[in-house]
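To start, the structure under review is shown below, and the notes come after it.
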Amino acid sequence: MPKEKVILGSDHAGFELKEDIKSFLIEQGYLVEDVGTHSTASVDYPDYTRLAAEKVAAGQFPRAVLFCGTGLGTCIAANKVPGIRATVCLDTFTAGLSRAHNDANVLVLGGFLVAGRLAREIVRTWLTTTFEGGRHAQRLDKVRAIETEGRLKRGKLYDISRPIQSGMVVWPTDPPVTIEPAKAIAAGKSSNVSRMHISTHTGTHIDAPRHYINGASGVDDIVPEVLMGMARVFQLDPQLRSIDGRVLQGLNLQGVSRVLFGTSNSSLWGRNEFTEDYVHVSEEAARGLVAQGMKLVGIDYLSIEEFRNKGRSAHHTLLQAGVVIVEGLDLSDVPQGDYELLCLPLRVKGGDGAPVRAFLREI
Ligand code: RB5
């Protein structure tokens, strides 16, 4: 019989129990993967919970055994991963029923609460008890329905892309936007077709690394996962002239990989002409964003760069680090907070940039 795989993970408070259970499982012939932590140094339980639970949800491991101090935080975090049914068990009775009735795919143990032979017996019971199905399967279908319907519930959608239209404001050295009829029903043709003349940096758009780095990757090389997912919107003080290192330090970017800056730039779009003194991101802040592991940075005017910075250092810093830059956003009506971002650029082959249609959805 092929050996069953089990994935383990813990925080510092569950570390010792994890090590003990790991030896036990290896002795019992299980194939064990351990995502950490690997010491008693303080860590955050959601990090390890997520690593292991996502592998179970993806079908890479049938089951996980996770550990923290009480088991509670880890259980809460694991159950946030769609497809996970995690239970904390303090005895063999609940361990057995969590399998037989709840088909739990994650067992959580509290290192403050169980140890030694009891902990081993809980794990053994949990791993060897099978799901009874029948009326329990029907109940679990209802649990899954709560999860699925919850995910499909749609929050308010914000269109954060600027309309593309003839004569709109563009970067001073970019070609103007013109959209004019190439065929018109009014002129006796069978359909309306327009001819559009725009640059790849028109309105709301993405800058690809190739924009400033010759031969670097184009807009069609950007992995879609970066363009979709959780983003944090900051509505910054309208008096602010520059997003510099000090401003950045005052922002909570914990756990964030996409950030959109709403500034007084929003009011500039009402003008007919390009404005040079828009709010920009300083090079120092760009370095800070890279250091924090940001994947995508957006702002609400035509450039993140200070107008007079001919070295384009903020662009270089971000693009060299592979950070996607989104410019020209319309964040005027979006309250500060976390959203799901959908930011879809035209698939311009090898493009140095491309206009995007971008949305934020309330979470
Ligand atoms: C860490 O002290 C502790 O809070 C954690 O291990 C866990 O018990 C959380 O629920």
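A few remarks follow.
- Test result for G245, surrounded by 13 or more Cβ atoms within 10 Å (Cβ to Cβ), at pLDDT 95 or above and on the phi > 0 side of the Ramachandran plot: no
- Within the range 327-343, the set of residues being in contact with a Leu (Cβ under 8 Å, 6 or more places away or on another chain) and either on the phi > 0 side of the Ramachandran plot or crowded, with 20+ Cβ neighbours inside 10 Å (or both) comprises E327, G328, L329, L331, V334, Y339, L341, C343.
- Filter result for S190 (surrounded by 12 or more Cβ atoms within 10 Å (Cβ to Cβ), more than 30 Å from N105 (Cα to Cα) and either out of contact with any Phe, Trp or Tyr (no Cβ under 9 Å at 6 or more places or on another chain) or modelled with pLDDT of 95 or more (or both)): no
- Members of the range 305-362 found to be farther than 24 Å from G215 by Cα and touching a Gly at 6+ places or on another chain (Cβ under 6 Å), listed by number: G328, L329, L331, R361, E362
- Selection count where residues are within 13 Å of L8 (Cα to Cα), of a type in the set (V, I, T) and more than 9 Å from the ligand (Cβ to nearest atom), scope the range 58-87: 1
- Hits in the range 107-140 - residues which are at positive phi and part of a helix (DSSP H, G or I): G116
- Of all the criteria given as (1) of a type in the set (K, R); (2) in contact with a helix residue (DSSP H, G or I) (Cβ under 9 Å, 6 or more places away or on another chain); (3) over 15 Å from L17 (Cα atoms), the one not satisfied by R120 is (3).
- Residue within the range 49-63 that is more than 20 Å from S98 (Cα to Cα), more than 25 Å from the chain's Cα centre (by Cα) and among the small types (G, A, S) present: no
- Meets criteria (over 15 Å from L127 (Cα atoms), of a type in the set (D, E, K, R) and within 11 Å of the ligand (Cβ to nearest atom)) for D34: no
- Listed by first and then second residue, the pairs with beta-carbon distance under 8 Å, at least 6 apart or on different chains, first residue in the range 99-124 and farther than 11 Å from V88 by Cα and without any contact (Cβ under 8 Å) to a residue 40 or more places away in the chain, second more than 16 Å from the ligand (Cβ to nearest atom) and acidic (D, E), are A100/E132; H101/E132; L118/D91.
- Residues that are farther than 16 Å from D330 by Cα, small (G, A, S) and buried (at least 19 other Cβ atoms within 10 Å of the Cβ), drawn from the range 248-296: S282, A285, A286, G288
- Residue within the range 347-355 that is farther than 19 Å from S161 by Cβ and among the β-branched types (V, I, T) present: no
- Scanning the range 37-57 for residues that are within 18 Å of T87 (Cα to Cα), β-branched (V, I, T) and within 16 Å of the ligand (Cβ to nearest atom) yields a single hit, T49.
- Single residue of the range 196-224 satisfying the filter (assigned to a helix (DSSP H, G or I) and among the acidic types (D, E)) that is farthest from L329 (Cα to Cα): D221
- Failed condition for F15, given (1) among the aromatic types (F, W, Y); (2) under 30 Å from E149 (Cα atoms); (3) within 16 Å of the ligand (Cβ to nearest atom): (2)
- Set V281, V326, V334, V290: member being modelled with pLDDT of 95 or more, within 21 Å of V223 (Cα to Cα), among the aliphatic types (A, V, I, L, M) and touching a strand residue (DSSP E or B) at 6+ places or on another chain (Cβ under 9 Å): V326
- The set of residues in the range 89-107 being more than 12 Å from I21 (Cβ to Cβ), surrounded by 22 or more Cβ atoms within 10 Å (Cβ to Cβ) and within 16 Å of the ligand (Cβ to nearest atom) consists of C89, V106.
- All conditions in (1) outside any helix (DSSP H, G or I); (2) under 33 Å from the mean Cα position of the chain (by Cα) hold for I146, with the sole exception of (1).
- Unmet criterion (only one of (1) away from the ligand (no atom under 16 Å from the Cβ); (2) touching a residue at least 24 places away in the same chain (Cβ under 8 Å)) for T148: (2)
The values are calculated or read from the model by the stated rules, or taken from the named source; none is laboratory data. Small disclaimer: the values here were computed from a predicted structure and weren't measured. Cβ coordinates were reconstructed from backbone atoms using ideal geometry, including for glycine residues, and neighbour counts include every protein chain displayed.
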